[in-house]
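Down below is the structure, laid out as structure tokens.
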Amino acid sequence: MKFGDVVTAVASLAVITTLLDSVLLAVLFPVKSGKGTDVAGILSTLVASLIVGYLFALKIQEESRRGAIASIVVLFTVVSMLATIAFIANPLVSPAVKESMDSMFSTSGWTNYDWFDAMFMVVALNVVIALVFGFIGLYAGSMLRKPKKS
């Protein structure tokens, strides 16, 4: 798989994930347990990976399936990580993040390091979701489309 194909697959994956995530967040965000955003992120990554895996199955099957999928997943994880960091750093979002953390934990005595550690865990969770569910979805999606017979 050429690098241009990997970039195209990652761009498609990012766009589809964002669209699905926005729809799922509208449905699942009101869930009182606070897990609606996590479920929306997992489902959107998995479904988008299935779609992209199906669309790019012929390119993925040209060479080592695991190698092609791994290159797509690693680049998508980097993009996802940078997007999460940018989202958390957004001054319009930061108060909502702080309010959410205040409601979950007693944060009155937290230091800057404690806040950094909590935000690092959010980014790490998104990285794990992107790696695991991205790989599963791409692999399953590429298996759905059979290779062309020569």
Semi-axes a, b, c in Å (a largest) for the range 3-144, each sqrt of 5 times a Cα gyration tensor eigenvalue, come to 32, 16, 12
Applied in sequence order to the range 57-71, the curve 6.51 cos²θ - 1.76 cosθ + 1.60 (Karplus, θ = phi - 60°) yields integer Hz couplings, x standing for Gly and Pro, of 4, 5, 5, 5, 7, 4, 10, 4, 4, 5, x, 5, 5, 4, 5
Restricting to Cα pairs under 8 Å and 6 or more apart, the percent relative contact order of the chain works out to 40
Taking only C-alpha pairs under 8 Å that are 6+ residues apart, what is the relative contact order of the range 73-141 in percent?
61
What relative contact order, as a whole-number percentage, does the range 1-80 give when Cα pairs under 8 Å and 6 or more residues apart are counted?
46
Kindly list the residues of the range 95-122 that lie in the label zone of K35, defined by a backbone N under 17 Å from the point 7 Å along the Cα-to-C-beta vector.
104
For the range 3-144, with the dipole built from +1 on Lys and Arg beta-carbon atoms and -1 on Asp and Glu ones, taken about the Cα centre, which of L46, A124, F76 lies farthest toward the positive end?
L46
Between A140 and V27, take the C-beta separation as r, use R0 = 35 Å, and let me know the FRET efficiency to the nearest 0.05.
0.90
Loop-located trypsin sites (Lys or Arg not before Pro) in the range 7-74 whose Cβ has at most 15 other Cβ within 10 Å (DSSP)
K32, K35
Could you give the angle, 0 to 90 degrees to the nearest 10, between helix 36-55's Cα long axis and the longest principal axis of the Cα atoms of the chain?
10
If the reach is capped at under 17 angstrom between alpha carbons, list the aspartates and glutamates near K148, excluding any in the same chain fewer than eight residues apart.
E62, E63
Per-peptide average of other Cβ atoms within 10 Å, ordering 134-143, 97-106 highest first
134-143, 97-106
So for each of 71-79, 111-119 I average, over its residues, the number of other beta carbons within 10 Å; can you give me the resulting order with the highest mean first?
71-79, 111-119
For the chain, what does -39500 (n - 2.57) per DSSP helix run (n ≥ 4), summed and divided by total residues, give at 222 nm, in deg cm²/dmol to the nearest 500?
-27500 deg cm²/dmol
Tell me, what HN-Hα J-couplings in whole Hz come from the Karplus equation 6.51 cos²θ - 1.76 cosθ + 1.60 at θ = phi - 60° for each residue of the range 2-14, using x for Gly and Pro?
6, 4, x, 5, 5, 5, 5, 5, 5, 4, 4, 4, 5
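Read the figures in this text as sums done on the coordinates, not as results from a lab. What you see is a predicted model, and the numbers here were worked out from it, not measured in a lab. Methodologically, a virtual Cβ is constructed for each residue, glycine included, from the backbone with ideal geometry; neighbour enumeration extends over all protein chains shown.
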